[in-house]
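J.: Have a look at this one.
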Amino acid sequence: MEKLKIAIQKSGRLSEKSVLLLKEAGISMTNGERKLISVSSSYPIEVLYLRDDDIPQYVRDRVADIGIVGENVFAEKGSEVEVVERLGFSRCRMSLAIPKQEEYKGPAYFNGKKIATSYPVILDRYLREQGIDAEIHEISGSVEIAPGIGLAEGIFDIVSSGSTLISNGLKEVEVIMKSEAVVIGRSDMPSEKKELLANLLFRIRSVQAASNNKYILLNAPNDKLDEIVALIPGMKSPTVMPLAESGWSSVHSVLSESQFWQIIDELKNLGAQGILVIPIEKMIV
Ligand code: ATP
Ligand code: MG
């Protein structure tokens with residue numbers, strides 16, 4: 001049987017979450033993790049462990065069918081491949097930064113300046129769009145030290161909390177793109193592989209839907225039942241069952257994480273009692 005070949009980062013900020021995602025989708029590895037290749041006993045899949053920068057090229061060359069990379073790496077190196085799913089983890093941004101004492105009034109600041117980066121393609125595209133004539137100095141790591149050692153006047157790099165910039169005496173002045181982990185693949189994948197991919201994505205979405213939602217149970221006074229039910233519509237509609245005590249009902253539903261606290265407060269104000277909130281392991285949407 002054909003196997004779906006997926007490339008994930010061997011070690012780094014994406015690797016643990018990539019392995020966990022596959023595990024939660026029911027894909028366990030038989031011959032251990034972190035070799036070059038491992039196969040799954042539970043799904044027709046082969047996992048290749050690679051450096052993240054190399055993954056777009058392996059997918060483009062059909063050595064792997066799909067890969068998990070940061071959107072930043074996809075934007076830099078992802079020609080001939082496309083994003084097939086956004087995964088929502090490893091969020092960061094790609095920003096321009098300059099020494100903190102410098103006055104900054106806008107992107108024109110960079111005219112005639114030298115910018116150090118590991119992402120020349122993304123930076124070049126941005127500079128062209130903005131009509132800025134700056135020199136790109138490509139280096140492969142520790143970009144943040146470039147201004148301090150006189151290699152460049154600004155940098156373009158990944159930022160998440162910003163603490164690396166601060167400890168190097170830099171300030172973030174422009175956010176050029178936002179990034180999260182994505183699944184990439186070729187659009188011309190053979191149809192058997194497309195089926196395997198569709199099934200894998202279905203599993204991934206079920207895991208993600210579950211982690212974004214909670215199961216909620218509560219007791220509601222019957223005179224407020226309509227209002228309470230309207231607040232927690234659930235997947236189709238909530239289950240409502242009478243309690244042994246007259247005048248009260250038990251309501252079961254599903255609640256999204258993002259609205260959670262606001263809705264809990266409204267439910268309490270409507271007189272809901274005994275509210276229980278339970279994690280959902282998988283949610284088939
Ligand atoms: P490799 O050795 O595989 O080339 P790397 O050093 O290039 O690894 P990592 O630092 O492991 O890469 O980062 C991998 C990806 O994780 C980045 O491309 C980016 O999408 C994301 N990322 C990087 N830094 C952060 C951060 N501080 N917070 C969240 N996500 C991040
Ligand atoms: Mg890398």
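The values are calculated or read from the model by the stated rules, or taken from the named source; none is laboratory data. Since the structure is predicted, the reported quantities are computational estimates derived from the model, not experimental observations. FYI the Cβ positions are ideal-geometry reconstructions off the backbone, even for glycines, and counts take in every protein chain you see. SASA here: full protein model, heavy atoms, side chains in, ligands and nucleic acids out. Shrake-Rupley method; radii C 1.70, N 1.55, O 1.52, S 1.80 Å.
J.: Report the residue count in the stretch 165-188 for those that are within 15 Å of PRO147 (Cβ to Cβ) and in contact with a strand residue (DSSP E or B) (Cβ under 7 Å, 6 or more places away or on another chain). Spell out how you get there, then give the answer.
T.: Kept after step one, since they are within 15 Å of PRO147 (Cβ to Cβ), are these residues of the stretch 165-188: 165-173.
So of that shortlist, the ones also in contact with a strand residue (DSSP E or B) (Cβ under 7 Å, 6 or more places away or on another chain) come out as 165, 169-173.
Number of matching residues: 6.
J.: Could you pull out every one of the strands (runs of 3 or more DSSP E) wholly within the stretch 175-273 that has 3 or more residues that are open to solvent by 20 Å² or more (accessible area, probe 1.4 Å)?
T.: Answer list for the stretch 175-273: 213-221, 239-242, 248-256.
J.: Here's something else I'd like to know. The conditions are (1) modelled with pLDDT under 95; (2) over 30 Å from MET283 (Cβ atoms); (3) of a type in the set (Gly, Ala, Ser), and SER15 fails exactly one of them. Which is it?
T.: (2)
J.: Can you pull out every residue in the stretch 1-22 that is among the β-branched types (Val, Ile, Thr) and in contact with a helix residue (DSSP H, G or I) (Cβ under 7 Å, 6 or more places away or on another chain)?
T.: First, pick out the residues of the stretch 1-22 that are among the β-branched types (Val, Ile, Thr): 6, 8, 19.
Of everything in the stretch 1-22, just one residue is among the β-branched types (Val, Ile, Thr) and in contact with a helix residue (DSSP H, G or I) (Cβ under 7 Å, 6 or more places away or on another chain), namely ILE8.
J.: Answer yes if at least one residue in the stretch 146-159 is touching a Leu at 6+ places or on another chain (Cβ under 7 Å) and open to solvent by 30 Å² or more (accessible area, probe 1.4 Å), and no otherwise.
T.: No, every residue in the stretch 146-159 fails to be touching a Leu at 6+ places or on another chain (Cβ under 7 Å) and open to solvent by 30 Å² or more (accessible area, probe 1.4 Å).
J.: Next question. Name the pairs: first residue in the stretch 123-148 and closer than 20 Å to LYS105 by Cα, second residue hydroxyl-bearing (Ser, Thr, Tyr), Cβ to Cβ under 9 Å, at least 6 apart or on different chains?
T.: Qualifying pairs under 9 Å: LEU123/THR117; ILE132/TYR109; ILE132/TYR126.
J.: On to the next question. Starting from residues that are farther than 24 Å from LYS23 by Cβ and within 16 Å of the chain's Cα centre (by Cα), keep the ones in the stretch 40-95 and report whichever is nearest to ligand 2 (Cβ to nearest atom).
T.: ASN72
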